[in-house]
Amino acid sequence: MKKKYVALLIVIAALVFSASIGGALAYFSTYTTAMGGYPVALDNNPTPEEWYKDGLKHLTIKNTGDGPIFVRAKAVVTDGVTPEYQESANWTVNNLSGADDGAGYYYYGKALEGKNAETEAEKITSELLIKITFPTQPKIEGKTKYEIGDEMNVLVLFESVPAMYKADGTEDFALAWTTGPVTVVK
């Protein structure tokens, strides 16, 4: 009699065990698939070009990376020297980022496309022109200090972020500059 109860308990345990194995096997063999998607390009590689001629600093930035980017630039000058930005196509002093760290920057108003752009013009900014006004200095032998040969630097800071877009496809400068990783070009 005792053997019947032990055999019955073994059968019940085996049934319970086998019932739970089926669920466990089903759990571990479950899978899913997905189709489609969106490419994400994180290569943010701007290349600045700048030159000085006739009192004007000329600046352009080219996107040599894969994805579209937004760019901004700011001149940092020696004390007493005044930079004066001149009207340039698609460049604006407005703080398009809405961030405090965007003050003093000039923003390029369009995204620069990456390597796959159809034309070279889509990859490079128009020129940002900065007029450099030297301070008035007392003349030494008929020449000012800056005409004699002293050196001065006009440093231009270039920054970029990957371009971001709103649901309707329009560019979202504020979101890009406040959440995107900023690349500082040295």
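Any read-out appearing in this document is the output of simple, stated calculations on the displayed coordinates, not a laboratory observation. Small disclaimer: the values here were computed from a predicted structure and weren't measured. Virtual Cβ from ideal backbone geometry, glycine too; neighbours counted across all protein chains shown.
Length available on full extension from Trp51 to Leu9: 0.36 nm per residue minus the Cα-Cα distance, which gives 6.1 nm. Amide H contacts for Thr64 (H built 1.01 Å from N in the peptide plane; partners 5 or more residues away or on another chain; cut-off under 5 Å): Asn45, Thr47.
For the pair Lys62/Ala174, report the inter-label distance in nm, with labels modelled 7 Å from Cα in the Cβ direction. Output for this residue pair reads 3.5 nm.
Separation of the alpha carbons by more than 21 angstrom is noted, of Lys62/Lys166; Lys53/Lys131; Lys110/Lys166; Lys110/Lys131; Lys57/Lys115; Lys62/Lys110, for Lys62/Lys166; Lys110/Lys131; Lys57/Lys115. In this structure, the amide hydrogen of Val156, modeled 1.01 Å from its nitrogen in the peptide plane, lies closer than 5 angstrom to those of Val76, counting only residues at least 5 positions away or on a different chain.
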